[in-house]
Amino acid sequence: MEIDISKPILDRNERLASENRALFDANDVFVLDLMASPGAGKTSTILATIAALRDRYNIAVIEGDIASRVDAEKISAHGIPAVQINTGGACHLESDMIKRAINALDLASLDIIIIENVGNLVCPTDFYLGEDAKVMILSIPEGHDKPYKYPNIFAIAEAVILNKYDTLSVFDFDEPEFRQVVHSLNPTAPVFPVSATKGDGIDAWAQWLIARIESAKAARSLSKGSDVS
Amino acid sequence: MHEMGIVASILDASVEAASKQGAARITEIKISVGELTEIQEFALDFAFTAMTPGTMAEGAILTVNHIGASSRCVSCDVEFEHGRFEIVCPKCSGFLCELITGRELSIDSIEIDDAPLDAKPTDGDETNEDGSNADTASGAGE
């Protein structure tokens, strides 16, 4: 006998992600899921982004790593609330981990949460966490051919940060080809060349992010307005 | 490579549905996987083979329905199939397209059987070891 089931395999993850999303919406918190390989400069980019936005927004960071508190400590050292998630071997964050992490944060006092996903160009792409936007970082030393090899992450990111741009001259990185492949995968995603540790290029990225945050907040207050009426 | 977690989710949903029907075992599980997900079928098969023994789905077949990628052009409404790259409208060459299919990851249906895998000629239609799985999944009907 055949029994119809017809539901997403990641049903539980999607359900918990929607619950996270409802909490973020209720507290008017914008959530960014930042994905990249290990060593691409996720934490440095987050620190540079915090420096650019902290006068304007209250920010917290959720750090996803297989082990250690190294990254959360780096963020906390700058006076920013940081929650470390240790996945204990899992290659990506899932929505129940985020759910537990946000219990440790005062959502009402926050404007933005930046989630640093586990360093991986594959698995984080299939898991919705309740975020407003997924953005990815590629660093110059990784090579311009990465979009051919890991197309999905480039396809689902709303923006691509090209980090360690100051090393362009010493690596065989074909930037026009890189931009062309990214465009073929994801025609609307802007590419932001930055050198996170030096702060170069952060301004353009930060301006894009501010516009993205403000449009999300505007959409939220519109939908709240319509709920009331 | 998160196929173990995927298979665990598939088994949870299948065992829950089969238990509700009072089935003894699951003989087939049908799923749909979109071309644009990061699921590798050999890893999925490996995880399925490794994780099903001792469950109601021991010996079951995993059937995968592959779904290709397709999009609709926002400007001229044309629907077209495509791969991972070059998602461009074949009519107007526009690149603002909405994805219609390709990101599916769903469990569609299961085939169940009333007879246990190692059906003994003795009496009783109670499941044996499978009962433990049924327990965890039983409870509220709706």
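Quick check on my filter: what residues within segment B:29-72 are within 27 Å of residue B:99 (Cα to Cα), outside any strand (DSSP E or B) and within 13 Å of chain A (Cβ to nearest Cβ)?
Hits for segment B:29-72 are B:35, B:36, B:37, B:38, B:39, B:40, B:43, B:44.
Between residues in segment A:1-18 that are more than 10 Å from every other protein chain (Cβ to nearest Cβ) and residues that are in a helix (DSSP H, G or I) and among the charged types (D, E, K, R), which pairs lie under 7 Å by C-beta distance while being six or more apart or on different chains?
Taking only residues 6 or more apart or on different chains, the pairs are A:16/A:96; A:16/A:99.
Considering only segment B:1-27, how many residues are touching a residue at least 60 places away in the same chain (Cβ under 8 Å), over 15 Å from residue A:7 (Cβ atoms) and at the interface with chain A (Cβ under 7 Å from one of its Cβ atoms)?
Final tally of qualifying residues: 1.
So, in segment A:125-174, of the ones that are small (Gly, Ala, Ser) and at pLDDT 95 or above, which residue ends up surrounded by the most Cβ atoms within 10 Å (Cβ to Cβ)?
The extreme case among them is A:139.
Looking only at segment A:100-135, count how many residues are of a type in the set (S, T, N, Q) and over 21 Å from residue B:6 (Cβ atoms).
Within segment A:100-135, the first condition is being of a type in the set (S, T, N, Q), and the residues that meet it are A:103, A:109, A:117, A:120, A:125.
Checking the rest, the ones that are also over 21 Å from residue B:6 (Cβ atoms) come to A:103, A:109.
Matching residues across segment A:100-135 total 2.
Any idea which residue in segment A:116-142 is farthest from residue A:186 (Cα to Cα), counting only those that are in contact with a helix residue (DSSP H, G or I) (Cβ under 7 Å, 6 or more places away or on another chain) and assigned to a strand (DSSP E or B)?
A:116
Could you check, for segment A:202-217, whether at least one of its residues is surrounded by 13 or more Cβ atoms within 10 Å (Cβ to Cβ), at pLDDT 95 or above and not in a helix (DSSP H, G or I)?
Within segment A:202-217 (the criterion being surrounded by 13 or more Cβ atoms within 10 Å (Cβ to Cβ), at pLDDT 95 or above and not in a helix (DSSP H, G or I)), the answer is no, since none of the residues qualifies.
Specify the residue that is nearest to residue A:185 (Cα to Cα); the eligible residues are those in segment B:45-61 that are aliphatic (A, V, I, L, M) and touching a Leu at 6+ places or on another chain (Cβ under 7 Å).
At the first step, the residues of segment B:45-61 found to be aliphatic (A, V, I, L, M) are B:47, B:50-51, B:56-57, B:60-61.
Those left that are additionally touching a Leu at 6+ places or on another chain (Cβ under 7 Å): B:51, B:57.
Values: B:51: 35, B:57: 39 Å.
Top of the filtered list is B:51.
Just give me the residues in segment A:22-40 being surrounded by 22 or more Cβ atoms within 10 Å (Cβ to Cβ) and closer than 19 Å to residue A:142 by Cβ, in sequence order.
Selection gives A:34, A:35, A:36, A:40.
The values are calculated or read from the model by the stated rules, or taken from the named source; none is laboratory data. Everything quoted here is computed from the prediction, not taken from an experiment. Don't worry about glycine lacking a Cβ; one is built from the backbone with ideal geometry, like all the others, and counts go over all protein chains shown.
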